[in-house]
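Read the structure below first, then the notes.
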2 protein chains.
Amino acid sequence: MNLRKEFAISPTRNEDFPEWYQQVVTAAELAENSEVRGCMIIKPWGYALWERIQKELDQRIKATGHKNVYFPLFIPLEYLQREAEHVEGFAKECAVVTHHRLEKGPDGKLHPASPLTEPLVIRPTSETIIGAAFSRWIQSYRDLPLLINQWANVVRWEMRPRLFLRTTEFLWQEGHTAHATKEEAKEEALFILKLYEEFMRAFLALPVITGEKPESERFPGADNTFTLEALVQDRKAVQVGTSHFLGQNFSKANNIRFLDSQGKMEFAWTSSWGVSTRLIGTLIMAHGDDNGLVLPPTVSPIQVIILPLFKKEEEKTKVLDVVNFLAEEIKKLSFAAEPIRVEIDKREIGGGVKSWEWIKKGVPLRIEIGSQEVSSGLITVKRRDKGVKEKEQLPAHVFLEKLPQLLSEIQKAIYSRAENFLKQNTRLIDTKEEFYEFFASKDSKGNELSGGFAYAHWDGSRETEEKLKEDLKITIRCIPWDPQNTPGICPFSGRPSKGRVLFAKAY
Amino acid sequence: MNLRKEFAISPTRNEDFPEWYQQVVTAAELAENSEVRGCMIIKPWGYALWERIQKELDQRIKATGHKNVYFPLFIPLEYLQREAEHVEGFAKECAVVTHHRLEKGPDGKLHPASPLTEPLVIRPTSETIIGAAFSRWIQSYRDLPLLINQWANVVRWEMRPRLFLRTTEFLWQEGHTAHATKEEAKEEALFILKLYEEFMRAFLALPVITGEKPESERFPGADNTFTLEALVQDRKAVQVGTSHFLGQNFSKANNIRFLDSQGKMEFAWTSSWGVSTRLIGTLIMAHGDDNGLVLPPTVSPIQVIILPLFKKEEEKTKVLDVVNFLAEEIKKLSFAAEPIRVEIDKREIGGGVKSWEWIKKGVPLRIEIGSQEVSSGLITVKRRDKGVKEKEQLPAHVFLEKLPQLLSEIQKAIYSRAENFLKQNTRLIDTKEEFYEFFASKDSKGNELSGGFAYAHWDGSRETEEKLKEDLKITIRCIPWDPQNTPGICPFSGRPSKGRVLFAKAY
Ligand SMILES: [Zn+2]
Ligand SMILES: [Zn+2]
């Protein structure tokens, strides 16, 4: 017997995590690489996850007074140059449009024609073009705060692409705000960080650590970059969202000025913040198991999949009657303030094949109903967060009564598992030896392990950061908020440290 | 007294329709031109209209078994060349990416660097890149039909841009399907045409004429292009949506083949269809009046705007109490299967300014509540589809009881007005003289009028089409479905005609 066959995904997470990830993306039919290097095709199940994320986050963003808009895909090259640090950060990964026509050459093939006087850059992010509009829209303190958001595609040329995690084109939301005072703009950046954190915990079942990025990891052009960091199952960090306090840098670059209540002209203070399709990659790596995707009920496009089982034609009608009735009853129930999402898989293919498909896709609950269930009045219920063979048999009415609570239990179980994993793989470290051991450890087969999250003191120097990056491939993920974060000694340089920072290997 | 001041928009529709359109877009804060030629910035109120359209149409598309996906923004140049007619049609208006980096030149400015081996085209439409994926996804008749849709931005270089109607970048939905038989694919294209038509009538309050495009106006690469044509208030047609039966053209170009139920390899039959942000431009031109936008309640992001009026601080509390109570009661009511969308405008600016803002934005119902209303228990209600000064006073409970019906009446009134306009400006024409007069007429000031829709016989020749285009700037909008459409004589050439076709000037 091939032991591998016990699991739907080969290799398992322990055998080869990066390849496991790739296999889950394929097995759950989430996405695939296109022929355009670095660009992905998001397939129906993957896109449905993005739509769930969009819907929920959009509601939360709008509920706090932000309005959606849409700005052009193209940014004039000159705009990008206005903020010196910004252009430094993005010039290396830009797609540049230089022509606006194609023409047949002597070889019969098409070639770019009609060159543009000024090349256009495809937005890697929209601070510059939105800043130009803000300078027109904002005249007086009465126009402030200005709170907008857009859902869009952006392009950052990617040399080592990876589905969902790092793609040349990706989908995201980018918020941009302008305020009359420094305090208000900074508060906005932190307010959104909190909004993201609650969204990730409650909706994605994803515990995250929040804090501020060190200078070396700041968004180009920001005064402060705040970040949310998740820990996934190979013990690496994923930066799942960022929120930037931009000071007056983009206001000065774009001349965003307003008449304050005293009649004085002032530069506005701005913020920007975003999360992207990277969240889907994080969901996979945080919650998935050796049988594929595991979706929190809040996120799953289908929460209950019903699998009717019948061998003979005469069983079919009876089974389908029960199945249809059950689906209608389920739709009347609610979970997380939405009607429960149920589907019946009526395809006439083998029950095993069907069942495994939904396991790999991560659907929280599978229900099997065959003639046996019809005559006994019992329903067979299988939870995705438990073993594939574990099942419970319940009378239909009991199942319906329990269903919302059952989904809530699954949601909590998935969150708890992720939270325990985070706790178990987070360590306070005070010596260089322990630190190097933590990040340089290997498994029984000699594969490098990623350690996890380490809180250690840091002298604040770029030099120490660089040395650790070189030795251990780790970075400072953030300077966390923690009232107990007191000064100490940097174990790497022996110099004083203002407080512990969070180190990890990262995607 | 300046007569102009009677209307919020100057010039009026009669004075200068194109400029009126531009002024409505500005006054309703829908969109503005960006510094990137041909690309628009969609502002909050304009984007909220798009979100309403998206939500409704997305539901209708999904309810008929189509699934959303996302394909890359970039198309390899070579793909575009695979279908000969397709590339002919789009090569002239493509944005071409040739570099993926920027580098500082000796002049201190940035210049494109790192040229691509193969240039990339920004999708003008996605048949080619989706066709390439279909050829991988489709193996057997069991994989068919394949029904997908995507919401995306596309780029077609535009020399004479106009906000919403013709922009270089625009937002749209594009459906792409593959089928086992010719009949099924053609049925799909016609089914979607019907779906669009119902959506436009019921949701946009927009009557449309449907039919097939003559060969000269077909989508490049299609066997048949079906279209929906609206008539707007300057008596010009707008093509508001198209649905294409693509035959096996893209299947052959992309090698989309499947094993049929007899075990034979066959090329699939495909369709594609789309509507875009052009719908917003059409809404403005179809329903707007000299005071701005007029929105059907189904589309309007806000259906009821409440304007609290108070002069003294002591009135404020009383008025706001009533206003808040009323808003909560309204939210409990439904119209068109959704909770009624109500907002209170609490901004402390003049009541007149506020009121005019919402008139220009087209909100269906305005409610004014001041101390007088509070003490009398009566509510002042103003309908956007009626005169600005017309009002009705109703006891609060009567208003609440009538509200859903009131919205329904407004919806019907807006549709009827558009339908009457269409009828009044549609003519059956049998002589060349009458035809030329219809399209070459002028108003009292000598401005050219656009005639409207003319049903006339056509000999089927490209020559006649060209002549009419040259003489009258008109095109054949479609060959309409009409059982009473019988053969006749072409009034332009005297040759036989298979039936009447629909002529108009068009956007
Ligand atoms: Zn060549
Ligand atoms: Zn230069």
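The values are calculated or read from the model by the stated rules, or taken from the named source; none is laboratory data. Source: prediction; values computed, not measured. All Cβ positions, glycine included, derive from the backbone under ideal geometry; neighbour counts span all protein chains shown. The area values use the complete protein model at the heavy-atom level, side chains included, leaving out ligands, DNA and RNA. Shrake-Rupley method; radii C 1.70, N 1.55, O 1.52, S 1.80 Å.
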- Right, residue B:154: crowded, with 18+ Cβ neighbours inside 10 Å and within 16 Å of ligand 1 (Cβ to nearest atom) or not? no
- Item | Residue in the range B:70-83 that is over 30 Å from residue A:84 (Cβ atoms), more than 10 Å from chain A (Cβ to nearest Cβ) and more than 16 Å from ligand 2 (Cβ to nearest atom) present | yes
- Filter the range B:47-56 for residues that are surrounded by 18 or more Cβ atoms within 10 Å (Cβ to Cβ) and at the interface with chain A (Cβ under 9 Å from one of its Cβ atoms) and give the result. B:47, B:48, B:50
- Taking residue B:354 as the residue in question, decide whether it is within 23 Å of residue B:321 (Cα to Cα) and open to solvent by 20 Å² or more (accessible area, probe 1.4 Å). no
- Going by the structure shown, is residue B:183 more than 10 Å from chain A (Cβ to nearest Cβ), part of a helix (DSSP H, G or I) and without any contact (Cβ under 8 Å) to a residue 40 or more places away in the chain? yes
- Given the conditions (1) within 8 Å of chain B (Cβ to nearest Cβ); (2) not in a strand (DSSP E or B), every one holds for residue A:59 apart from (1)
- Task: Looking only at the range A:95-103, decide whether some residue is open to solvent by less than 10 Å² (accessible area, probe 1.4 Å), at the interface with chain B (Cβ under 10 Å from one of its Cβ atoms), touching a residue at least 40 places away in the same chain (Cβ under 8 Å) and part of a loop (DSSP other than H, G, I, E, B).
- Result: yes
- Matching residues in the range A:421-460 - criterion: being in a loop (DSSP other than H, G, I, E, B) and of a type in the set (Lys, Arg): A:445
- Query: If you check residue A:154 against the conditions, is it closer than 23 Å to residue A:501 by Cβ and aliphatic (A, V, I, L, M)?
  - Reply: no
- Note on the structure: Only unsatisfied item for residue B:89, checking (1) surrounded by 21 or more Cβ atoms within 10 Å (Cβ to Cβ); (2) under 18 Å from residue A:113 (Cβ atoms); (3) more than 10 Å from chain A (Cβ to nearest Cβ), is (1)
- Evaluation of residue A:336 against (1) aliphatic (A, V, I, L, M); (2) open to solvent by 50 Å² or more (accessible area, probe 1.4 Å); (3) modelled with pLDDT under 95 (one fails), failing number: (3)
- Task: Tally the residues that are among the aromatic types (Phe, Trp, Tyr) and in contact with a helix residue (DSSP H, G or I) (Cβ under 6 Å, 6 or more places away or on another chain), restricting the search to the range B:46-83.
- Result: 3
- Cβ pairs under 8 Å, 6+ apart or interchain, first in the range A:398-423 and of a type in the set (Gly, Ala, Ser), second surrounded by 18 or more Cβ atoms within 10 Å (Cβ to Cβ) and in a helix (DSSP H, G or I), ordered by first then second residue, are A:418/A:286; A:418/A:287
- Residue hits (the range B:84-110; within 16 Å of ligand 2 (Cβ to nearest atom) and closer than 17 Å to residue A:155 by Cα) are B:99, B:101, B:102
- Item | Among (1) part of a loop (DSSP other than H, G, I, E, B); (2) at the interface with chain B (Cβ under 10 Å from one of its Cβ atoms); (3) open to solvent by less than 40 Å² (accessible area, probe 1.4 Å) - the single one residue A:159 does not satisfy | (3)
- Note on the structure: Residues in the range B:4-46 that are open to solvent by 20 Å² or more (accessible area, probe 1.4 Å), within 21 Å of the chain's Cα centre (by Cα) and within 12 Å of chain A (Cβ to nearest Cβ) total 6
- Message: So for the range A:97-107 (the condition being among the β-branched types (Val, Ile, Thr) and either within 16 Å of ligand 1 (Cβ to nearest atom) or within 28 Å of the chain's Cα centre (by Cα) (or both)), does at least one residue qualify?
- Response: no
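The rows are residues; the columns are (1) part of a strand (DSSP E or B); (2) open to solvent by 40 Å² or more (accessible area, probe 1.4 Å); (3) over 30 Å from residue B:18 (Cα atoms); (4) within 12 Å of another protein chain (Cβ to nearest Cβ).
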site: B:111; (1), (2), (3), (4): yes, yes, yes, yes
site: B:114; (1), (2), (3), (4): yes, no, yes, yes
site: B:119; (1), (2), (3), (4): yes, no, yes, yes
site: B:134; (1), (2), (3), (4): no, no, yes, yes
site: B:178; (1), (2), (3), (4): yes, no, yes, no
- Task: Would you kindly identify the strands (runs of 3 or more DSSP E) lying entirely within the range B:247-338 that contain at least 3 residues that are polar (S, T, N, Q)?
- Result: B:269-276
- Message: So, residue B:174, is that one open to solvent by less than 10 Å² (accessible area, probe 1.4 Å), more than 9 Å from every other protein chain (Cβ to nearest Cβ) and of a type in the set (Asp, Glu) or not?
- Response: yes
- Item | Sole exception among (1) within 16 Å of ligand 1 (Cβ to nearest atom); (2) touching a helix residue (DSSP H, G or I) at 6+ places or on another chain (Cβ under 7 Å) for residue A:113, by number | (2)
- residue A:349: in a loop (DSSP other than H, G, I, E, B) and either of a type in the set (Gly, Ala, Ser) or more than 15 Å from residue A:294 (Cβ to Cβ) (or both), yes or no? yes
